Amino acid sequence: MPPAGPRGLSGNVWKLCLYQLLFNLGLWWPIWVLYLQEVRGLTLAQVGALEIPFWLTIALTQVPAAALADRWGRRPVLVMAALTQAAAVAFFGLADSFTLLVLSYLVWGASYGMAWGPDAAFLYDTLRATGRTAQYARLMGLAMACNTAGMVLGTFIGAPVAAAIDLRAPIFLSSGLALAAAAVAMGFREPLAAFRHEMSASLLATARDGLRTVLASPPLALAIALLAAATVANLGPVLFVQPFLAGHGVEVGETGLWQTPMRLVGMAGALAAYRLAGLLGLPRGVAVLIAVGGAAYGVLALWDSLYAAGGFFALAFVFAASRPLLTDYINGRVSSGQRATVASLGTLAGALVFAPAAPVLGHLADVSFGLAAGVLACLLGGGGLCLLLLWRYAEARGRPARPMPAQVPQGPAPG
């Protein structure tokens, strides 16, 4: 890891934004569920079942990939993530059986497992090395907005491409875009070089020290659990929005017209996250996001109308705004030598929620979409509220007690 001065590192911010844009510029975004249903003949329950290998692979690769990023650097891991993404998307487009689709999802999950965690650590350490950590929530929101911008462009472009050619074309074009993201990552400057003194002695020690850091701090552990809970807000928009729109008469070529503004709302959430924290404070800001997410699923559960799609817009805002807020809190409480490893635990926990929930909810949605949305309302609203209260309690217990004011000795009362 060659040393890099502040001037060289400052370019990392815009390069990370471009990387996030290209990594997530999937032209398959508006059609992937329809592709699996119409081209590969899968039911919605089978589509949900594919999420099991996807999220389990994310769970299995998260900590090892993050430990590699903490030990060898963020740059090589992010390059490998983009290359793996390119291979996975091409494999997905070629897979013509359920077994091969499962294998493609295994590779695909590995790409996200390598990217989530090291990306936030890469940005935070870049800002730390240049003395700008106070800007993390704003700039992470910008990176998340670029992430969402990739989805917006992919959604806007992918549906017309699929309508003009076929449902396979957007998938293969997306593989080339992931290769472009890998080329951008190769131009990153490694920020971890400035913090060699904080690095653990080995990969095993890196993982062990990261876990010890979390276990020693209940508020940190509960913040990671809240980050995992926030991924529930993403389950509905990812898995259910396309069949929801199709079930209410929206044609394939028009799905992008609905999903594009939804992604734009997500971009707004990512960009507004630091303002939300500045206006309400971090705990109240997180509480508002949880309440809005739970209410959005409640609307989708109780209102069988195309207008209820507004709930997906709210969920996109909640998911995009939650990560900058919570990762800012988490990153500020760990050293650079364990930063990616600790950050990866949030995605690991989210994957362990997503993996069993997706197929079960897919099965429920095949029977009744309202029932599936109701379960999600309970998971995000009820479960998120419980975690939030525990986090506030742990924060209060960990805060040093306010000293009592010294009592001034009183003289004798006047006669």
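All of the numbers you see were taken from the coordinates with simple rules; none came from a lab. In this text, all values refer to a predicted model and were calculated from it rather than measured experimentally. Note that each Cβ is placed from the backbone with ideal geometry, even for glycine, and that neighbours are counted across all protein chains shown.
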So for segment 179-300, what are the equivalent ellipsoid semi-axes in whole Å, largest first, each being the square root of 5 times an eigenvalue of the Cα gyration tensor? 35, 23, 16
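As an exercise, take the mean of 1/r over every pair of distinct alpha carbons in segment 115-266, invert it, and state the Kirkwood radius in angstroms.
Working: mean 1/r = 0.0530 Å⁻¹.
Taking every pair of different Cα atoms in segment 115-266, averaging 1/r and inverting gives 18.9 Å.
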Extending each Cα 7 Å along its Cβ direction at residue 246 and residue 183, get the distance between those two points in nm, one decimal. 3.4
Fewest to most neighbouring Cβ within 10 Å: what's the order for 108, 55? 108, 55
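What does the C-alpha gyration tensor say about the overall shape of segment 1-146? Classify as rounded when a/c is under 1.5, otherwise prolate if a/b is larger than b/c, or oblate.
Details: a/c = 2.73, a/b = 2.14, b/c = 1.28.
Prolate, since a/c reaches 1.5 and a/b exceeds b/c.
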In degrees between 0 and 90, to the nearest 10, how far off the longest principal axis of the chain does helix 44-72 point, with axes built from Cα atoms? 40
So for the pair residue 134, residue 97, with labels modelled 7 Å out along Cα→Cβ, what separation do we get in nm? 6.1
Give me the number: length gained by fully extending residue 363 to residue 291, i.e. 0.36 nm times residue separation minus the C-alpha to C-alpha distance, one decimal in nm. 23.3 nm
Scattering profile of segment 135-185 at q = 0.20, 0.26, 0.32 Å⁻¹ [log10 I(q)/I(0), Debye over alpha-carbon scatterers]: -0.78, -0.99, -1.11
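Exposure proxy check: 197, 248 ranked by fewest other beta carbons within 10 Å?
On the way: 197 8, 248 14.
Listing 197, 248 from fewest to most nearby Cβ atoms yields 197, 248.
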Applying the gyration tensor rule to the Cα atoms of segment 79-167 (axes a ≥ b ≥ c; rounded if a/c under 1.5, else prolate if a/b exceeds b/c, else oblate), the class is oblate
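Take the Cβ-Cβ distance between residue 352 and residue 216 as r, set R0 to 35 Å, and report the resulting FRET efficiency rounded to the nearest 0.05.
Efficiency, rounded to the nearest 0.05: 0.95.
Looking at segment 166-217, which chymotrypsin sites (Phe, Trp or Tyr not before Pro) are DSSP coil and have at most 10 other C-beta atoms within 10 Å of their C-beta? List each step's numbers first, then the result.
On the way: sites: 172, 188, 195; in loops: 188.
Within segment 166-217, no chymotrypsin sites (Phe, Trp or Tyr not before Pro) qualify (loop, at most 10 other Cβ atoms within 10 Å).
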Extension gain (nm, one decimal) between residue 284 and residue 72, 0.36 nm per residue minus Cα-Cα: 72.6 nm
If 267, 151 are placed from fewest to most neighbouring beta carbons inside 10 Å, the sequence is 267, 151
Computed lengthening from residue 390 to residue 303, 0.36 nm per intervening residue step minus Cα-Cα distance: 28.1 nm
Using the Cα centre as the reference, give the magnitude of the dipole from point charges on the C-beta atoms of the chain (Lys, Arg: +1; Asp, Glu: -1; all else neutral), rounded to the nearest 20 debye. 1620
Helix-only estimate, please: 222 nm mean residue ellipticity of the chain, summing -39500 (n - 2.57) across DSSP H runs of length 4 or more and dividing by its residues, to the nearest 500. -25000 deg cm²/dmol
Enumerate cysteines in the chain without a disulfide-compatible partner, where compatibility requires another Cys Cβ under 4.7 angstrom. 378, 386
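With an 8 Å cut-off on Cα pairs and a minimum separation of 6 or more residues, tell me the relative contact order of the chain in percent. Let's see the in-between values first.
Working: 747 pairs, mean separation 118.2, N = 415.
28 percent.
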